[in-house]
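Trainee: I have a structure I would like to understand better, so I am pasting it below and will then ask my questions one at a time.
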Amino acid sequence: MMMTQEDLAKENKKIAKQYKELLRVSYRTLSEEDKTLIRRAFEIAVDAHKEQRRKSGEAYIFHPIAVAKIVASEIGLDATSIAAALLHDVVEDTDYTLADIEQMFGEVVARIVDGLTKISHLKSEKDVSLQAENFRKMLLTLNDDIRVIIIKIADRLHNMQTMDAMRSDKQLKIASETLYIYAPLAHRIGLYNIKTDLEDLSLKYTEPEVYRDIFNKIKESKEDQDEYINSFSKVISDSLDKENFDYEIKGRPKSIFSIRKKILKQNISFDEIYDKFAIRIIYKSEQQDEKFLAWKIYSIVTDHFRPNPTRLRDWISSPKSTGYEALHITVMGPKGRWVEVQIRSERMNEIAEKGYAAHYKYKHGEQQDDENLDQWLNKLQDALENSEVNAVDFVEQFKLNLYAKEIFVFTPKGDLKSLPKGATPLDFAFSIHTEIGMQTRGARVNGKLVPLSHELKSGDQVDIITSGHAKPTNNWLDYATTAKARSKIKSSLKDEKKSIAAEGKAVLIRKLRTQKIPFNDKTVNELVRYFKLKTSLDLFYRVGIGTIDNTALKEYAASRSNALVSFFKSKITRKPSVSEDLDKDEITTNYDQLVFGKDEQKLEYKLANCCNPIPGDPVFGFVTVNDGIKVHKKNCPNAIQLQSNYAYRIMTAKWIDSSQEDFRAVIKLTGLDNLGLVSEITKEISNNLHVNMRTIAFESNESVFEGKITVIVKNKTILKKLIDRLKKISGIDKVTRE
């Protein structure tokens with residue numbers, strides 16, 4: 001489409017107007033130096049994109065300006081970020097290079113633009129695991145500067161707002177990616193308004209009919225809702241006026257996405273959603289009076305309307321980890337309708353809308369902007385760091401930690417820690433320090449000893465008991481829920497396995513020498529196949545813990561000497577030789593088993609065809625009507641539907657490696673009662689690295705004693721060694737296994 005001089009003049013006027021608006025809407029106070037930086041970035045962006053147009057036909061420059069406005073106004077970032085937002089597509093789409101940007105705007109702006117360019121170059125695939133891998137790569141670009149991700153969220157928001165001109169398949173792809181990645185990120189950063197916009201816009205393209213239906217229903221009932229909210233608000237405003245409050249009351253429409261979520265989750269119709277009505281009371285206050293005034297407003301509201309005691313949320317005393325503060329109450333309004341009332345000071349309202357940017361402005365004042373921003377960026381960095389290897393796990397774990405409802409617990413000194421709902425003392429220990437987590441021996445909650453699997457509740461005071469001898473065990477993975485704790489435990493278990501394997505390797509070399517078998521790669525590979533294992537590490541580890549003992553190795557030696565005879569036999573009878581590639585089932589039946597439920601029972605099951613789980617995958621069991629237990633991967637395409645519609649038929653399930661599995665055994669002892677015997681017995685057991693004591697009971701009867709000890713061991717070899725050692729203790733007559 002050809003543009004006339006007149007059209008171009010109009011467009012240039014519009015561009016100049018947008019630029020002025022950008023400076024005007026900036027949330028932060030911009031210095032002259034800031035304005036100069038933004039002006040230069042604007043001029044370069046205009047020049048770079050002068051030949052480009054968007055699909056809708058408008059000049060491309062309107063997109064970077066719109067992104068910069070979101071960054072400046074809605075997120076409230078600094079001039080550096082605004083400049084980077086204006087330049088975010090320059091290196092990717094035009095002749096300007098990164099070196100040019102660095103020379104003109106300095107190292108920080110160049111670093112942010114580079115990060116944004118890297119993200120754009122990631123291939124977007126429909127495949128979840130590739131998408132997850134891209135997401136992880138994107139988070140890893142944050143090592144340089146987290147502002148990259150914040151500008152990317154703003155970029156995505158503007159793309160979603162202007163997607164009408166695109167092909168429908170592209171719209172669907174971008175909208176799905178937004179729901180999967182960008183909305184959770186915006187939530188984590190505390191950008192609740194942007195998160196809501198992203199979700200609603202995504203729904204518009206992923207489920208257009210549903211979106212339109214809810215949108216129209218909201219429109220139809222708007223008059224009725226406004227009337228209701230106005231009459232409800234009037235009652236409150238009359239009372240607030242009497243108390244001379246300086247405030248405003250706003251109706252808060254519920255987002256289309258959250259209405260859709262509720263309809264699905266609770267299986268109800270639009271009309272049955274009880275909290276479509278919501279108001280926000282925003283009051284002016286000095287910071288020191290905020291809390292007192294919030295509760296005063298609370299008492300005024302509840303004087304008129306009865307509150308629902310289970311729906312009180314006090315985020316003023318304990319702010320969310322995103323810095324969010326507010327008092328939420330749900331009250332019974334006229335005509336038996338529930339109304340949610342959010343009470344916020346002006347400061348709290350800004351924090352709710354701008355996330356950490358506002359939080360730090362109020363905490364430290366405008367003067368220390370750079371320092372505040374760094375603190376914010378560091379805090380976000382911590383929230384996003386994770387060393388999990390599997391990309392899908394990484395994303396799911398990340399999202400789990402994002403959306404988890406928070407609980408607040410106290411340290412012994414009274415400091416407050418926020419953790420996701422469902423966290424255990426183990427998560428708490430790792431949240432304080434990795435070293436404390438690694439040495440956790442036990443925990444006291446509110447003064448009482450609790451198991452490490454105990455679920456913490458808000459308000460609990462947690463005291464971790466550490467010991468230099470304590471170290472992570474496989475069971476810890478069942479008790480830990482946070483990404484940090486789980487990744488640290490996994491790496492510790494890997495390290496321990498490696499050190500046991502190193503000992504096992506030395507033992508194996510010795511034992512093979514006595515059997516006159518050379519220790520080399522060929523032998524190791526033969527042993528791995530013979531014992532139906534996967535790697536040499538598994539082999540050395542099993543020798544190290546005694547699962548593969550002398551007897552097993554003698555049997556291997558015998559089979560080895562018969563191998564030659566078998567080989568000739570098979571040649572003569574023309575039978576095909578046995579394939580070296582062992583059947584997967586054969587391997588897994590020996591070493592990888594599935595267990596179900598809390599009691600870890602071994603039950604009959606089938607693997608689901610829709611996702612084909614293999615040993616090691618995170619899985620769950622689903623009790624079918626005619627086909628017994630079907631095992632699905634946790635990220636199976638059908639998982640969400642099964643878990644939400646048939647929660648009562650879901651069974652927890654996990655793979656266990658028989659070498660890692662612990663066995664319970666009861667040892668009976670009889671002997672002559674003498675002083676110090678019990679201490680000698682317990683000392684002998686605790687000195688044995690691979691044995692844990694569960695219960696112990698001794699009974700003495702006229703100088704004869706009987707004892708029962710329940711121990712947890714890895715295998716029979718370890719148990720046999722323990723029994724032999726106990727027999728040698730002076731005064732012991734008999735040691736048997738019950």
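The values are calculated or read from the model by the stated rules, or taken from the named source; none is laboratory data. Computed from a predicted model, the values in this text were never measured in an experiment. Methodologically, a virtual Cβ is constructed for each residue, glycine included, from the backbone with ideal geometry; neighbour enumeration extends over all protein chains shown.
Trainee: Scan segment 221-238 residue by residue and report those that are crowded, with 16+ Cβ neighbours inside 10 Å, in contact (Cβ under 8 Å) with a residue 60 or more places away in the chain and not hydrophobic (A, V, I, L, M, F, W, C).
Mentor: Tyr228
Trainee: Now for a different question. Do we have Ser73 as assigned by TED's automatic domain parsing to the domain that holds Val148, of a type in the set (Ser, Thr, Tyr) and at pLDDT 85 or above here?
Mentor: Taking the combined requirement at face value, the residue satisfies it.
Trainee: Looking at Leu493, Leu452, Leu426, which is the one that is closer than 29 Å to Leu539 by Cβ, surrounded by 14 or more Cβ atoms within 10 Å (Cβ to Cβ) and among the aliphatic types (A, V, I, L, M)?
Mentor: Exactly one residue qualifies, and that residue is Leu493.
Trainee: Suppose we keep only residues that are aliphatic (A, V, I, L, M) and not in a helix (DSSP H, G or I) within segment 56-74. Which one would you say is surrounded by the most Cβ atoms within 10 Å (Cβ to Cβ)?
Mentor: Ile61
Trainee: For residues that are of a type in the set (Val, Ile, Thr) and in a loop (DSSP other than H, G, I, E, B), scanning just segment 612-658, find the one that is surrounded by the fewest Cβ atoms within 10 Å (Cβ to Cβ).
Mentor: Within segment 612-658, the match that is surrounded by the fewest Cβ atoms within 10 Å (Cβ to Cβ) is Val625.
Trainee: Is there a residue in segment 468-481 that is within 22 Å of the chain's Cα centre (by Cα) and under 23 Å from Pro319 (Cβ atoms)?
Mentor: Scanning segment 468-481 turns up at least one residue that is within 22 Å of the chain's Cα centre (by Cα) and under 23 Å from Pro319 (Cβ atoms).
Trainee: Something else: Can you go through Ala608, Ala647 and tell me which one is modelled with pLDDT of 85 or more and among the aliphatic types (A, V, I, L, M)?
Mentor: Ala608
Trainee: Still on this model: If you go through segment 707-729 one residue at a time, do you hit one that is at pLDDT below 80 and among the small types (Gly, Ala, Ser)?
Mentor: no
Trainee: Which residues, counting only those in segment 230-255, are within 20 Å of Arg337 (Cβ to Cβ) and either under 38 Å from the mean Cα position of the chain (by Cα) or in a strand (DSSP E or B) (or both)?
Mentor: Residues satisfying the conditions are Ile249, Lys250, Gly251, Arg252, Pro253, Lys254, Ser255.
Trainee: I've got another one for you. For segment 319-355, enumerate the residues that are in a strand (DSSP E or B) and among the aromatic types (Phe, Trp, Tyr).
Mentor: The answer is Trp338, and nothing else.
Trainee: Out of Leu449, Leu456, which single residue is at negative phi, outside any loop (DSSP other than H, G, I, E, B), not assigned by TED's automatic domain parsing to the domain that holds Val691 and not small (Gly, Ala, Ser)?
Mentor: Matching residue, one of Leu449, Leu456: Leu449.
Trainee: Could you list, in sequence order, the residues of segment 179-210 that are farther than 26 Å from Asn349 by Cβ and of a type in the set (S, T, N, Q)?
Mentor: Thr206
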